[in-house]
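Everything on this sheet refers to the single structure shown next.
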Amino acid sequence: MHSYPGEIPQTMEEGYVIQDLAIALDGRRVGGWKVGRIPGEQVAKYNAKRLAGPIFVDEIVDAVDGHVPVMPIFGKGFAAAEAEILLRIASVPDGEISLDTITDHIDDVRVGVEIASSPFPGINKFGAAVTVSDFGNNKGIVLGPAVPDWRHADLLSMPVSLQIDGSTVGADRMSNMLDGPFGSVVFLLKELRRRGIEAAPGTWVSAGAITGVHEVTGGQTVKACFGEELEVVVKVRAT
């Protein structure tokens with residue numbers, strides 16, 4: 001697919017309408033949502049700082065036991081890997097959704113990797129509304145080890161790095177994310193409420209790239225490191 005299959009959406013609302021239709025046509029159950037940060041130069045155009053896309057149940061892989069899963073990517077499209085914090089929703093607030101109370105509605109926090117892949121190679125070149133329209137450019141997540149005592153851990157200062165075939169391609173801390181990973185959950189729940197979508201207990205949230213979006217090709221090995229002890233290793237396979 002070398003061109004966008006239709007009229008390019010110009011607003012986030014148009015992108016989400018296409019996403020909703022695509023989810024319905026796909027038919028698979030949604031088990032989570034990815035959240036991504038919209039590039040600064042696009043924020044004014046779209047009047048938004050973040051975007052969301054579905055993660056289907058069959059593309060959520062649990063590697064907490066340390067095994068190395070093989071994750072498919074679109075070999076002739078766009079593909080990338082991202083080091084992310086993954087948070088599991090236990091419940092949704094009945095009223096206001098705020099950063100001050102959101103941790104009361106989360107029951108698990110893992111380190112992990114998001115696979116971002118699309119059959120459209122130019123998905124990131126036509127703006128955030130196009131990204132939204134194609135499932136937010138998500139092709140699955142890998143759940144790694146749980147963050148010990150996450151309610152009291154200083155997540156924002158945790159050093160995070162990502163390696164591809166043994167070479168470090170990115171490093172950063174969550175303090176440089178837009179109001180951190182919990183802010184991603186607040187954004188997502190508000191967005192889903194606006195769209196009339198239920199976030200069932202057990203829904204995973206992939207909170208956003210910490211070290212950047214790093215392009216990958218089939219056969220490569222990705223390793224995400226969080227602090228001194230937590231890591232996730234993934235192999236990618238082109239389809």
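The values are calculated or read from the model by the stated rules, or taken from the named source; none is laboratory data. In this text, all values refer to a predicted model and were calculated from it rather than measured experimentally. Neighbour counts are summed over all protein chains in view; Cβ atoms, including those assigned to glycine, are modelled from backbone coordinates with ideal geometry. What goes into the accessible areas is simple: the full protein's heavy atoms, side chains included, and nothing from ligands, DNA or RNA. Shrake-Rupley method; radii C 1.70, N 1.55, O 1.52, S 1.80 Å.
Quick one: with all protein chains in place, what share of the accessible area of the stretch 2-128 is carbon or sulfur, to the nearest percent (1.4 Å probe)? Using a 1.4 Å probe with all protein chains present, the stretch 2-128 comes out at 53 percent carbon and sulfur.
Excluding same-chain residues fewer than 8 positions from Lys45, which lysines have a Cα within less than 26 Å of its Cα? Result set, ordered by chain and number: Lys34, Lys125, Lys190. Under a model in which nothing but the beta-carbon of Lys, Arg (+1) and Asp, Glu (-1) is charged, the chain shows a dipole of about 600 debye around its Cα centre. Averaged over its residues, the stretch 65-130 has an accessible area of 38 Å² per residue, based on protein heavy atoms and a 1.4 Å probe.
Here the calculated FRET efficiency for Asn47 and Glu228, from their Cβ-Cβ distance with R0 = 35 Å, stands at 0.30, rounded to the nearest 0.05. Look at [x] 55, 36, 34; [y] 47, 46, 34; [z] 45, 43, 31: the one that is Cα extents along the principal axes in Å derived from this structure is [y]. In sequence order, the stretch 104-119 has phi-based couplings of 5, 10, 10, 10, 7, 10, 10, 8, x, 9, 9, 9, 9, 7, 9, x Hz under the Karplus curve 6.51 cos²θ - 1.76 cosθ + 1.60, θ = phi - 60°, and Gly or Pro positions carry x. Distances between placed amide hydrogens fall under 5 Å for Phe78 paired with Ser118, Phe120, all partners being 5 or more residues away or on another chain.
Taking amide H positions as modeled 1.01 Å from N, with prolines and chain starts lacking one, the residues under 5 Å from Gln220 and 5 or more places away or on another chain are Val236. Using 0.36 nm per residue and subtracting the Cα-Cα separation, the extra length available between Val70 and Asp179 on full extension is 36.1 nm. For the stretch 116-163, what does the alpha-carbon gyration tensor say about shape, rounded, prolate or oblate, given a ≥ b ≥ c as the root eigenvalues, a/c under 1.5 as rounded, and a/b over b/c as prolate? Prolate is the answer for the stretch 116-163, as a/c is 1.5 or above and a/b outweighs b/c. Maximal additional length on extending the Ala200-Leu21 stretch stands at 62.5 nm, based on 0.36 nm per residue less the C-alpha distance.
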